[in-house]
Amino acid sequence: MADIDLNHVKALEAEHVLQTYKRAPVVFVRGEGSRLFDSTGRSYLDFISGIGVVVLGHGHPALAQAIRSQAETLIQTSNLYYHPLQGKLAARLAALSGLQRTFFCNSGTEAVEACLKFARRFWFSQGQKDRTAYVALQHGFSGRTMGALSVTANAHYREPFEPLIPGVTFVSPDDPAALDAAVTDKTAAIIAEPIQGEGGVRPLSAEFAAAIERACDRTGCLFIADEVQSGLGRTGDAFYFPALGLTPDLISVGKALGSGVPIGAALISERVATQIFAGDHGSTYGGNLLSTRAALTVLEQLTGTAENVPYQPPAGVIGHVRDMAPVFERALDRLAAEHSIVARTRGVGLMRALELRVDATPVVDGARHAGLLVNRTAETVVRMLPPLTVTAAEIEEAVGILDGVLKDVRVEATT
């Protein structure tokens, strides 16, 4: 595709595409494993993987074959009828999460919307119509639709669209006492990412997780675990909430579930599911045959089995994540030790970040120019979400590029 011209693509988008994104000046046309190739044929090591989406890497043969086969057979029938794949996928997700029911949608944001609705419906069904409030976390990000945005903390995202859903209280994830004070008998649910992604790759502390459990026990409020970014293998486990001792009533998932094919899901405990009824929510595309076939293939690759059993590592791609996690952690710790511009490293598994003492933009841009794709979040954080199939050699290659870029940025910062 050498005939694709960057300037032409930019001009066409400028004329016809709503300008809601600030895109980097590159056009990608092909991918293979952990690498992307632009319209000039240049190769880039992809350590953002579509923002944590392409967990099997680009062009994965099993996923490509599943998509091709399903597209040739049947893609969409709507939820007016049964098809054979929704139940299979829901059973697999139940085995991995411990939550019995699934509502299928098209993205992580839609999954959050569903969880928020179901939490309110749970209390409405029991006659507690005033139990409508939510408690969310500072630095939290759950999406940009009106409900998900209402529990997203960043004022930059929120203010142009206010008033949002009322009754949302934000507390610091470093202040368990504030959480305890915020949760009352009017709280429908607490929503939290076990690892805050957009907020800077911030894992919740064990102390704060224990505070969530206490608040739920004290008031009976529901807990929504937003595992859209941290779930389905990213941390070296199927989900991260068990590592924190959390027991969610609802879980939002997306991103990794289709490894690039749009699909999201709200996972629901039986306790909550008994209070939700036909017509309470819906989705035209949700759980269509193409997306569920892709997701079944992804879960088979992640867990190393097609059976509906709890995940037992080491196996499949998740087992590989467990092998690569210490390699990644040690390599980033070396960077932090060698570069004073790095304040700290954070993360779990293959969800990692460098927090800098300066704005991260020059590092992200410098890395792209050097052939490495990472991204900036929370202003000073370099976020890294490589495909879960990434190799130790690719990790060392990426860290080597970052080492050179950090040297250049340090020089610029001191001149």
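Key figures for this structure:
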read-out	value
Count of residues meeting criterion [in a loop (DSSP other than H, G, I, E, B), polar (S, T, N, Q) and either touching a Cys at 6+ places or on another chain (Cβ under 7 Å) or within 23 Å of Leu56 (Cβ to Cβ) (or both)] in region 219-270	4
Residue that is farthest from Pro203 (Cα to Cα) [pool: residues in region 314-361 that are in a strand (DSSP E or B) and in contact (Cβ under 8 Å) with a residue 60 or more places away in the chain]	Val342
Qualifying positions in region 74-115 - of a type in the set (A, V, I, L, M), in contact with a strand residue (DSSP E or B) (Cβ under 8 Å, 6 or more places away or on another chain) and assigned to a loop (DSSP other than H, G, I, E, B)	Leu99
Output for region 21-62, where each listed residue is assigned to a strand (DSSP E or B), touching a residue at least 24 places away in the same chain (Cβ under 8 Å) and closer than 18 Å to Val9 by Cβ	Val29, Arg30, Gly31, Leu36, Tyr44
Residue among Arg131, Arg158, Arg202, Arg144 that alone is more than 30 Å from Arg344 (Cβ to Cβ) and out of contact with any Pro (no Cβ under 6 Å at 6 or more places or on another chain)	Arg131
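Yes or no, residue by residue, for (1) modelled with pLDDT under 95; (2) surrounded by fewer than 16 Cβ atoms within 10 Å (Cβ to Cβ); (3) in a helix (DSSP H, G or I):
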residue: Lys117; (1), (2), (3): no, no, yes
residue: Arg144; (1), (2), (3): no, yes, no
residue: Pro163; (1), (2), (3): no, yes, no
residue: Pro166; (1), (2), (3): no, yes, no
residue: Asp185; (1), (2), (3): no, yes, no
residue: Ile191; (1), (2), (3): no, no, no
residue: Glu207; (1), (2), (3): no, yes, yes
residue: Arg214; (1), (2), (3): no, yes, yes
residue: Asp217; (1), (2), (3): no, yes, yes
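The values are calculated or read from the model by the stated rules, or taken from the named source; none is laboratory data. Every value quoted in this text rests on a predicted model; they were computed, and no experiment measured them. Note that we place each Cβ from the backbone using ideal geometry, even for glycine, and neighbour counts take in every protein chain shown.
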